[in-house]
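Just below is one structure, and these are the notes that go with it.
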Amino acid sequence: MEIILVIDVGPTRCRVSYVGRQGGVVAAAEGSYLTGMVGNWVEQEPRDWWYEMTLALKELRQQHPEITPSAITLTGYPRILVLADDLDRLDSALLPSDRRSTGEWQEMVQQVGIDALLASADNVHDSTSHIARLMWLKKHSPTNYERARVIFLAAHEYIAWRLCGARVTDSTTASLTDLYSLRQNDWAFDLLDVFQLRKDWFPRIVSAGTHIGDLDAAIAEKLGLPAGLPIYHGTADLAATLLGTGVTKSHQTVCYLGDSGWLGAIELPEPGDPVTGLVNLRNPLGDGYMVIGPMITAGGNFEWLKDRFGVAEESLFADEKLPLVDLMMTLAAEAAVGSGGIIYLPYLSGEQAPFKDPNARGGWFNVSRRSWRSDLYRAVLEGVAYSLRAIQLILPEAETTADPVLYLVGDENCTPFWAQIFADVFDCRVELLSPLDEVTARGAAYAAGRTMGWHSTATPPYEFISSKGTYVPNPMNVPIYERMFNIFYKLYPALRSAFAEMSGSDNLL
C-alpha cells in the first residue's frame, strides 16, 4: 500500500497520520504534552514530543497492522529554540511566547536601531526574537551555549534529527525568525556578527520535501518500523497547511478559521509591509514569498458567542436536540443578510492585522429597538469575515484572474452557512476543506510525494485536497456586503483613541 507516515508536532500534541498517494487520510492518532510557564518563561520538554510521538505511532500501528508506510515526512510548529549536542537536547525548548530575553531585545534595538532589524528580516520582531534569545543563553546559560552543536527552530526538526541524524531546517521555517535574511534567502550572518553570536551551529537549509536521510536501525526497531525507511523534510505547519489546500498561485487565498485565524497567499512577488502586522515567509515550493495576515481572535468570536448565549438557547430548543454549533448557526440564519444593519467588531483580545493594537476590543455597532438576537448572532459571523477581508486589502498585489478562489480551513465551527457568508463577503468562489489537521498532513505528504515521484504537478489535484463543498457568491448579497464592509472598515480608525482610553478597563470591578 502506498502510504506516507506524517508526523505533525503541534503546540499541544503530536499527531501521526497515514496519508495515501491520492490524499486520503487513512488513520491518525495523537498524544498531548504539557507546557511549563513560570513568569515570562514558557517551555516544553522536547523529549515529551518524542515520547508522545512513539505512543501515538504505537496506537496507529495497532489500528492498522497491515500497513507499512513507504516513507516518513514531518511538519510542526516553528519559532521555537532548542539547543542540542551530539547526543540529545541540552535543555527545554523555548516556545514562541517565551519572553525571558526582553532585556536583550532592548539592547539590540539600542545598539543597531529598529529599522536595521526590520530591514534584515522583513518582519517585525520583538522580545521573542531568536537573536535576543541566543544573547540571553550566551549570558545566562554559557555552558549549554558552548556545548551545543546545533540549534533547531521548529519542533519537528528535533524529531527528524532523532530519527535519522539530519540537522536541517527549511527556508519557510527559518524566515519566521530574525536569524534569517528573507531577501538573501540565507542566514543573517552580518547581524549575527554585530551581536557576536555563533554561526557554526545553524542547520542546513533545504527545500520542503527534501530527502534528508533514512530511519536509523536502532530507532526503527523501537518504533516497529522498517530500518532504512526514507525520511523527507517537510516544512512549518502553517506552510504545510497552505500546500494541503492546493494553493500555488497568488490569486488563490487561504483562510484558516480556528480560535485564532489568518489569511494568506503564496507566490507573491514582494513581501508585505510588516508594520501592518503581515508576516512574510519564503515560498516552500517555489519562487517568491508567502504572506500571512494573522487575526488574533477569529472563530474564537463564535466560541465566545456559544459560551455566553448557548446555554440559554439550548434550554429553549431542548426538543430540537441539535448540536450547539448547528443550533447557533440556525438561529443566525434567521437574520437577513447584513444582520439588520448591525456590524460586529471581532477584536476580543486586540488585533494583529490589518492593524496592530492590543487595546482594540469587540462589540456590536448600530443596535436598535428593531434588532433581534438572530441579528446579533449573524453579525458575529459577518464581522469575522469582514476583518479577514480587510487583511486581504493589505496583501501585496496579486495577479488578476477571472476566477479568484478562497480556500477555507477550520474546525467544527467552519460550517457551510459560514462558508457562504465568506463567498458573499469576498465575492469569490470558496472551497470548504476538511479539518486543519488533515489539510496540514496532506500538505506535508504532497511535498514528500513530489520528491518520491508520486506527483508531477506543482499543485495537488482537486481530488487530493478533499473539498467538502464549493460556494459561489450570491449576486443579491454581494452589494449588501460591499456596503456593510465599507462601513466596517471605517469603524476601527474612528474608535482607536477610545480603545486606548479604555485600556485596562477589562480588569475594573
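The values are calculated or read from the model by the stated rules, or taken from the named source; none is laboratory data. On a predicted model such as this, the values are computed, not experimentally measured, just so you know. Glycine gets a Cβ as well: all are built from the backbone with ideal geometry, and neighbour counts include every protein chain shown.
When the stretch 227-240 is filtered for residues that are outside any strand (DSSP E or B) and surrounded by fewer than 24 Cβ atoms within 10 Å (Cβ to Cβ), the ones remaining, listed by number, are Ala227, Gly228, Leu229. Taking residues in the stretch 190-207 that are without any contact (Cβ under 8 Å) to a residue 24 or more places away in the chain, and partners anywhere that are part of a helix (DSSP H, G or I) and among the aliphatic types (A, V, I, L, M), the pairs with Cβ atoms closer than 7 Å and at least 6 places apart or on different chains are Lys199/Leu192. Please indicate, with yes or no, whether at least one residue in the stretch 486-493 is part of a helix (DSSP H, G or I), of a type in the set (S, T, N, Q) and closer than 24 Å to Ala29 by Cα. Looking through the stretch 486-493, none of the residues is part of a helix (DSSP H, G or I), of a type in the set (S, T, N, Q) and closer than 24 Å to Ala29 by Cα. Scanning the stretch 1-58 for residues that are surrounded by 15 or more Cβ atoms within 10 Å (Cβ to Cβ), within 30 Å of Thr102 (Cβ to Cβ), out of contact with any helix residue (DSSP H, G or I) (no Cβ under 6 Å at 6 or more places or on another chain) and among the aliphatic types (A, V, I, L, M) gives a single hit, Val42. Note down all Cβ pairs under 7 Å where the first residue falls in the stretch 495-509 and is under 16 Å from Phe355 (Cβ atoms) and surrounded by 10 or more Cβ atoms within 10 Å (Cβ to Cβ), the second is aliphatic (A, V, I, L, M) and modelled with pLDDT of 95 or more, and they're at least six residues apart or on different chains. The qualifying pairs are Phe499/Ala360. Here the stretch 121-166 is the region considered, the condition is being under 19 Å from Pro203 (Cβ atoms) and among the polar types (S, T, N, Q), and the residue that is modelled with the highest pLDDT is Asn144. Scanning the stretch 122-164 for residues that are in contact with a Pro (Cβ under 8 Å, 6 or more places away or on another chain), at negative phi and not polar (S, T, N, Q) yields Val124, Val150, Ile151, Phe152, Leu153, Ala154, Ala155, Glu157, Tyr158. Checking Asn413, Asn474 one by one, the residue that is modelled with pLDDT of 95 or more and part of a loop (DSSP other than H, G, I, E, B) is Asn474 and no other. Annotation note: Cβ proximity below 8 Å between a residue of the stretch 17-33 that is more than 12 Å from Leu5 (Cα to Cα) and a residue that is among the basic types (Lys, Arg) and surrounded by fewer than 17 Cβ atoms within 10 Å (Cβ to Cβ) (sequence gap 6+ or interchain) occurs for Glu30/Arg13; Gly31/Arg13; Ser32/Arg13; Tyr33/Arg13. The residues of the stretch 100-123 that are outside any helix (DSSP H, G or I) and either surrounded by fewer than 19 Cβ atoms within 10 Å (Cβ to Cβ) or not assigned by TED's automatic domain parsing to the domain that holds Leu176 (or both) amount to a single one, Gly113. Within the stretch 455-503, the residues that satisfy the criterion of being in contact with a helix residue (DSSP H, G or I) (Cβ under 9 Å, 6 or more places away or on another chain), within 23 Å of Leu436 (Cβ to Cβ) and not polar (S, T, N, Q) are His455, Ala458, Pro460, Phe464, Ile465, Lys468, Gly469, Tyr471.
Is one or more of the residues making up the stretch 430-452 part of a helix (DSSP H, G or I), touching a residue at least 12 places away in the same chain (Cβ under 8 Å) and more than 30 Å from Asp170 (Cβ to Cβ)? Checked the stretch 430-452: no residue is part of a helix (DSSP H, G or I), touching a residue at least 12 places away in the same chain (Cβ under 8 Å) and more than 30 Å from Asp170 (Cβ to Cβ). Per the listing Trp50, Trp105, the residue uniquely touching a residue at least 40 places away in the same chain (Cβ under 8 Å) and over 26 Å from Arg450 (Cβ atoms) is Trp50. Within the stretch 241-274, being under 16 Å from Ala353 (Cβ atoms), outside any loop (DSSP other than H, G, I, E, B) and at pLDDT 90 or above holds for Thr253, Val254, Cys255, Tyr256, Leu257, Gly261, Trp262, Leu263, Gly264, Pro274. Can you find even one residue in the stretch 390-403 that is under 25 Å from Val325 (Cβ atoms) and in contact with a helix residue (DSSP H, G or I) (Cβ under 6 Å, 6 or more places away or on another chain)? Checked the stretch 390-403: no residue is under 25 Å from Val325 (Cβ atoms) and in contact with a helix residue (DSSP H, G or I) (Cβ under 6 Å, 6 or more places away or on another chain).
If you go through the stretch 307-326 and pick out every residue that is charged (D, E, K, R) and either crowded, with 17+ Cβ neighbours inside 10 Å or under 24 Å from Leu242 (Cα atoms) (or both), you end up with 2.
The residues listed here are Gly258, Gly288; of these, the one that is outside the structural domain of Thr73 (by TED's automatic domain parsing), without any contact (Cβ under 8 Å) to a residue 40 or more places away in the chain and not charged (D, E, K, R) is Gly288.
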